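The values are calculated or read from the model by the stated rules, or taken from the named source; none is laboratory data. Here the structure is a predicted model, which means the values were calculated and not measured. Quick reminder, even Gly has a Cβ in these numbers, built from the backbone with ideal geometry, and neighbours come from all protein chains shown. To get the accessible areas, we keep the full protein, side chains included, count just its heavy atoms, and leave off ligands, DNA and RNA. Shrake-Rupley method; radii C 1.70, N 1.55, O 1.52, S 1.80 Å.
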Amino acid sequence: MHIAAALAALGIGFGTGVWAPSQSSDPRKSGEEGGGTAITFEGGSPAVADPSKSLQQSLGLISFQQFSDARERLMELWSDLERSRHSRHRDLLEHERQLDEIEQILSLANEEELVAFLTGRRFSSGMVSLADISYGALARVSPERAAEVWRVGRDEVSAYSGLKAVMREWVKRDPAAAERWVDGFASEEEGAIPKMVFLTVNAKLAPEQVVAKLDVLSEVPLDAVMLLGDSLALTEMGDTADRILAARDDGSTLSGSLPYFLSKWGSRDPLAATTWFLSKGLGRFNEQEVTTALELAAAKDPSGVLELLGPAIEDHPELRQVAGKTWWGWMAVEGNEEMGVAWITEHAEAAADFGKQEFFFMNVRREDWPEERVDRMLRALGESVPSSGWDSLMQSLIVQFSSIQPKTALDRAVELLPPGPRSDEVIVRAAVNWSIQEPGDALRWSLENIEGDQSRYSVIQSSVRLWAEKDPAAAATFAMALEEIDRRPALSGLGDSWAQTDPDGALAFITGADNADVLAPMAGSAFRYLGKSRSGDRFFDRALELPEGSLRNAALRGLFGGWGNRDFSTASAVITRVPKGEMLDAAILGFNESNAHRDPKVAMELSAQISIPERRDREMIWHGREWMSSSPAEAEAAIRANPAISDSVKAEIFKRRTP
């Protein structure tokens with residue numbers, strides 16, 4: 001057997017507790033003289049070959065006096081557990097009841113009956129609890145006999161099954177005999193699992209004995225190290241951690257277990273464990289190991305742990321993950337805001353990431369943060385001394401809190417954030433977060449408070465898009481009532497959102513307007529979506545049928561922009577069917593602006609068909625230079641040989657040629 005596989009099996013298999021069914025007055029008796037006390041349980045009457053046996057039934061209860069009487073019932077339960085072990089709909093309460101009933105039945109058996117029952121019996125990996133119950137029953141009668149039955153019957157699938165129950169009972173009675181048995185295996189590989197089980201059981205029952213052997217043991221299972229963290233006297237924890245650290249530095253198999261030991265220590269004595277780590281462990285562990293080592297300590301005493309971490313987090317980025325989780329855990333408790341803000345203000349540079357999404361959503365519950373509390377938190381931060389770290393933290397917190405209390409977060413953003421593009425971006429993101437919940441209110445706030453052209457355009461477009469997902473008619477009514485400068489981004493957001501959920505409804509709105517040209521931005525975005533995500537063929541004729549003018553031109557521009565992205569070759573072929581003039585110009589511009597990078601040669605050829613000379617020349621120069629960048633030799637030869645390209649345009653293209 002591979003030791004690694006055995007370790008994996010061991011980790012899976014020892015999650016059960018100690019089983020203690022009632023015992024006979026003389027559990028070591030065997031044969032006909034032995035047997036446990038009678039048991040009674042609810043259930044149907046099993047078939048009994050000999051009605052003279054002591055099987056009594058009354059009031060729905062069955063009473064067994066002998067193991068032999070109950071064997072048929074035992075096998076029924078065994079079969080039920082085998083069938084249900086992989087079921088996703090297993091009744092856990094019924095499962096536990098069946099295990100308890102099996103334990104009671106086995107308590108009736110004497111030593112020889114238990115040996116006979118266990119000999120040759122195979123326990124699959126999903127039947128570990130059953131193995132522990134079965135071997136535990138024999139171990140309570142004779143742990144030596146149970147260990148030998150296990151040794152003879154071990155196999156690849158169930159090598160670990162039941163041994164922990166045996167060893168737990170044996171170590172309680174005679175630890176020296178148990179250790180002699182463990183040491184008596186012929187090969188290291190054969191004795192690996194018994195040794196690991198022995199160490200794990202001793203780590204709970206006699207942790208000092210395991211610690212005394214840490215320096216000489218070639219392997220110590222992770223379960224055992226974690227149990228040491230649970231079981232050792234607190235006065236012994238620091239010295240034990242030192243020994244495990246020394247073994248780690250020497251490349252021992254203990255190398256990965258120290259964070260788990262520290263985690264257990266931290267759950268019992270958070271400040272001592274954290275102090276030890278900061279004095280011995282910094283720079284030796286990665287971020288995940290640091291989090292494992294300290295997160296339980298931090299959960300138990302967040303303010304104390306943060307006080308210890310504060311001086312170190314600036315120079316040790318690996319501490320920031322656990323410090324951020326700790327800080328948010330601290331803030332989740334009402335009344336800690338003032339102390340928390342004081343701490344984070346002092347460490348603003350290193351704590352700038354605490355407002356990031358992964359920290360926020362892992363640690364913040366909406367119900368913990370009513371409007372007044374968010375306002376108090378942000379105002380307290382606003383009163384602290386700004387720094388580059390403060391700016392980043394404040395900006396991130398406003399974005400995250402806008403998902404919980406959006407108006408409060410945005411009001412504080414306008415009041416507290418310094419002017420600049422980064423603050424504008426934060427306000428836009430926060431306003432869009434608000435739009436997810438209340439698009440109408442978010443839009444009205446944005447129109448009153450956001451002044452920058454690009455920021456205003458972006459938030460209006462995004463907010464109307466989100467609104468249209470829920471109620472396109474209401475979003476359309478709002479958009480149409482806006483001033484022209486704000487109506488364009490609103491209609492652009494409305495078009496592709498409505499086209500996604502209801503293409504026919506969106507097109508009906510576009511074609512039914514009194515002033516069709518006003519809806520050109522909506523037509524462009526709607527047809528772009530339809531060309532890219534639905535079918536350009538299906539909507540090509542619909543675009544051509546629109547009223548003449550900017551509405552139809554915008555629809556064609558959007559359609560071929562999206563269609564070329566979905567199916568470049570088909571769109572570039574169909575575009576030749578568009579009537580020449582403004583309609584073809586619009587289709588070419590839309591196609592090229594989204595797809596020219598795929599084939600600059602095609603973009604050049606299409607640009608040559610644009611009807612307005614100034615626009616045609618501008619497009620040809622732009623795409624000619626793009627072609628020259630990707631395939632200079634081919635592009636130069638083709639451009640020079642093309643009589644449709646004027647000399648002045650060629651000269652502009654070649655001005656940017658790389659020597």
From the list 325, 264, which one is surrounded by 19 or more Cβ atoms within 10 Å (Cβ to Cβ) and within 30 Å of residue 375 (Cβ to Cβ)?
325
Among the residues of region 427-467, write down those that are over 32 Å from the mean Cα position of the chain (by Cα), surrounded by 24 or more Cβ atoms within 10 Å (Cβ to Cβ) and under 13 Å from residue 411 (Cβ atoms).
446
Residues being buried (at least 24 other Cβ atoms within 10 Å of the Cβ) and either among the aliphatic types (A, V, I, L, M) or closer than 20 Å to residue 639 by Cβ (or both): count how many of those fall in region 552-574.
5
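Here is a yes/no grid of residues against (1) over 16 Å from residue 327 (Cα atoms); (2) without any contact (Cβ under 8 Å) to a residue 24 or more places away in the chain; (3) of a type in the set (S, T, N, Q):
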position: 348; (1), (2), (3): no, no, no
position: 354; (1), (2), (3): no, no, no
position: 366; (1), (2), (3): yes, no, no
position: 369; (1), (2), (3): no, no, no
position: 374; (1), (2), (3): no, no, no
position: 377; (1), (2), (3): no, no, no
position: 381; (1), (2), (3): no, no, no
position: 393; (1), (2), (3): no, no, no
position: 396; (1), (2), (3): no, no, yes
Residue check, residue 504 free of Cβ contacts under 8 Å to residues at least 24 places away in the same chain, closer than 30 Å to residue 534 by Cα and outside any helix (DSSP H, G or I):
no
Restricting to region 109-146, and then to whatever is open to solvent by less than 40 Å² (accessible area, probe 1.4 Å) and not in a helix (DSSP H, G or I), can you tell me which residue is farthest from residue 64 (Cα to Cα)?
124
Restricting attention to helices (runs of 4 or more DSSP H) lying wholly within region 150-243, give those where 1 or more residues are at pLDDT 85 or above and not β-branched (Val, Ile, Thr).
163-173, 175-183, 192-205, 222-231
Residue 341 vs. criteria part of a helix (DSSP H, G or I) and touching a residue at least 40 places away in the same chain (Cβ under 8 Å):
yes
Checked pairs for region 112-123, first among the hydroxyl-bearing types (Ser, Thr, Tyr), second open to solvent by 60 Å² or more (accessible area, probe 1.4 Å), C-beta under 9 Å and 6 or more apart or across chains, list as 119/152
Give me the pairs, please: first residue somewhere in region 429-456 and over 16 Å from residue 403 (Cα atoms), second residue anywhere and surrounded by 14 or more Cβ atoms within 10 Å (Cβ to Cβ) and polar (S, T, N, Q), beta-carbon distance under 6 Å, and either six or more positions apart or on two chains.
none
For region 576-601, what are the residues that are more than 20 Å from residue 548 (Cα to Cα) and either of a type in the set (A, V, I, L, M) or not in a helix (DSSP H, G or I) (or both)?
596, 599
